[in-house]
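One structure is given here, and the rest of the page talks about it.
The values are calculated or read from the model by the stated rules, or taken from the named source; none is laboratory data. All values reported here derive from a predicted model rather than from experimental measurement. With ideal geometry, Cβ positions are generated from the backbone for all residues, glycine too; neighbour counts draw on all protein chains shown. Ligands, DNA and RNA are excluded from the accessible area calculation, which covers all protein heavy atoms including side chains. Shrake-Rupley method; radii C 1.70, N 1.55, O 1.52, S 1.80 Å.
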Amino acid sequence: MITFVDRVELHVAAGNGGHGCASVHREKFKPLGGPDGGNGGRGGDVILTVDQSVTTLLDYHHSPHRKATNGKPGEGGFRAGKEGQDLVLPVPDGTVVLDKAGNVLADLVGHGTSYIAAQGGRGGLGNAALASARRKAPGFALLGEPGDLQDVVLELKTVADVALVGYPSAGKSSLISVLSAAKPKIADYPFTTLVPNLGVVTAGSTVYTVADVPGLIPGASQGKGLGLEFLRHVERCSVLVHVLDTATLESDRDPVSDLDVIEEELKQYGGLGNRPRIVVLNKIDVPDGKDLADMVRPDLEARGYRVFEVSAVAHLGLKELSYALGDLVGRARAAKPKEEATRIVIRPKAVDEAGFTVTREDDGLFRVRGEKPERWVRQTDFNNDEAVGYLADRLNRLGVEDKLMKAGARSGDGVAIGPEDNAVVFDWEPSVTAGAEMLGRRGEDHRLEALRPAAQRRREHQAERDEAQQDFDDFEPF
């Protein structure tokens, strides 16, 4: 049964924005109460947040599809729709978020650090928000935007101060079990350790964490054995400890050659050359192990390594080792730059930036790409002529029509707004109302120019009186 997962592919979907409401206030003695449609609610975001109580990505291995809630549509009476609830996904400390191409999107280290993996769609405006002096009673509202759909890869890189590396069955699990309160599985066969184990060690006033990394073999950096899957857990450690077996039963192995093999794998993996190293000669409780440790120690010290002879079984040399590791960890912590408060960087766009592009494709189609045009298209109800006219008016004010003319577009040419897989295509007719001719100029409704019934009746009565007076004035008696 799988109990530890350090790499998953997660499919997240943010909530859709709620549609705006097209409504007119209706009340006795108020025949023209005006628009009162509320805005739609924003869709919920999908947020990844570091939680110290979470140590594995197992939940997302079993349930890789996650979705936030949608925003509610607006209602009449100026009632805005309820916003969708954000979906907060807890992840372990040290989780790296990547896209499917392997590009790093976020490195989540530290409790509470968060990243928005999928942005919720904004809610559509109701007709009350769309009303203006020229468009007093819009008969349409904007649709809510769909939420983002993202596929991200989560990789867990263990956050620890010390990493124990070495061949399988070198005694790493035994060593972490006696240095700390960790209880890893221990057995006398290779690859007993299948997942990294963490332990907390106290050495005087220094408290640090130790990670027992699964055993490495030649070729681990190229994917052999379990090395490639777990070498990532060494990246964040400040100190590397080579645990060398002085009592191995394999005739072609010895502590020095084991050290050379592991160092070569670390070099091939990359990024670990500047970490301080300590060599631990384990299993000196075995008579042959003690003799071999005495033989190879001068050679290792000549290479510049600090060497400690220990026995996890007999509890020999552990105190000296723990204090030496605590000293190295303390130096590494002191050398780290102080963390500064995150700066909020504001990069405003240039005021003269068009914000969209117009390109002519090989088949003669003109394609419009840009954040605003594509968003406006998504929010338009194409079953409503007035909404289509409003869209045409916005695009014209943005300058899309001028750019199309400069790009060589002519009446009847095909124009697509959006990407190839999800675009709105239409035949371009310059300076037309895009199917809303009965509304007059784009986005306007000349039904609004009609007089109110009471005023209309007064004018009709006045016209009748004027006509009667004119007849009276023109009357000539016999």
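If I stretch the segment between LEU58 and HIS111 completely, what's the gain in nm (0.36 nm per residue apart, minus their alpha carbon distance), one decimal? Please list the in-between numbers first.
On the way: separation 53, 0.36 × 53 = 19.08 nm, distance 1.91 nm.
Gain on stretching LEU58 to HIS111: 17.2 nm.
Would you rank ASP291, ASP6 by solvent-accessible area, highest first, keeping every protein chain in place and using a 1.4 Å probe?
Sorted by accessible area, descending: ASP291, ASP6.
Let me have the relative contact order for the range 22-131, percent, based on Cα pairs under 8 Å that are six or more residues apart.
Details: 272 pairs, mean separation 42.3, N = 110.
Relative contact order here is 38 percent.
Between THR202 and ASP260, what FRET efficiency follows from the Cβ-Cβ distance if R0 is 41 Å, with the result rounded to 0.05?
On the way: r = 33 Å, r/R0 = 0.81.
My answer for the efficiency is 0.80.
With both partners inside the range 3-111, how many of the DSSP beta bridges are antiparallel, as a percent to the nearest 5?
Details: 7 of 15 bridges.
Around 45 percent of the beta bridges assigned by DSSP in the range 3-111 are antiparallel ones.
Out of all Cα-Cα pairs in the range 71-129, roughly what percent, to the nearest whole number, are more than 17 Å apart?
57
What percentage of the solvent-accessible surface of the range 222-325, computed with a 1.4 Å probe over protein heavy atoms, is contributed by carbon and sulfur atoms?
Values: 2530 of 4940 Å².
About 51 percent, which is the carbon plus sulfur part of the accessible surface.
How much solvent-accessible surface does PHE140 expose, in Å² to the nearest 10, with a 1.4 Å probe and all protein chains in place?
Solvent-accessible area, nearest 10 Å²: 10 Å².
Computed over the Cα atoms, what is the radius of gyration of the range 229-305 divided by 2.2 N^0.38 Å, N being its residue count?
On the way: Rg = 13.3 Å, N = 77, 2.2 N^0.38 = 11.5 Å.
Ratio of Cα Rg to 2.2 N^0.38 Å: 1.16.
For the range 1-132, what is one quarter of the convex hull surface built on the Cα atoms, given in nm²?
On the way: hull surface 43.6 nm².
For the Cα atoms of the range 1-132, the hull's average projected area reads 10.9 nm².
At 7 Å along the Cα-to-beta-carbon direction for both ASN103 and ARG253, put a label point, then send me their distance in nm to one decimal.
4.3
Please list LYS172, LYS28, LYS290 in order of solvent-accessible area, largest first, computed with a 1.4 Å probe with all protein chains present.
On the way: LYS172 15, LYS28 155, LYS290 75 Å².
Heavy-atom accessible area, descending, gives LYS28, LYS290, LYS172.
Taking 0.36 nm per residue of sequence separation and subtracting the Cα-Cα distance, how much length would be gained by fully extending the chain between ARG369 and ARG275, in nm to one decimal?
29.0 nm is the gain from fully extending ARG369 to ARG275.
If you average the alpha carbon positions of the range 1-53 and of the range 128-164, how far apart do those two centres end up, in angstrom?
9
Report the Rg/Rh value for the range 24-78, based on alpha-carbon coordinates and the Kirkwood definition of Rh.
With Rg and the Kirkwood Rh in hand, the quotient comes to 1.39.
Each residue of the range 127-133 in order: what ³J(HN,Hα) in whole Hz does its phi give by Karplus 6.51 cos²θ - 1.76 cosθ + 1.60, θ = phi - 60°, with x for Gly and Pro?
5, 5, 6, 8, 5, 8, 5
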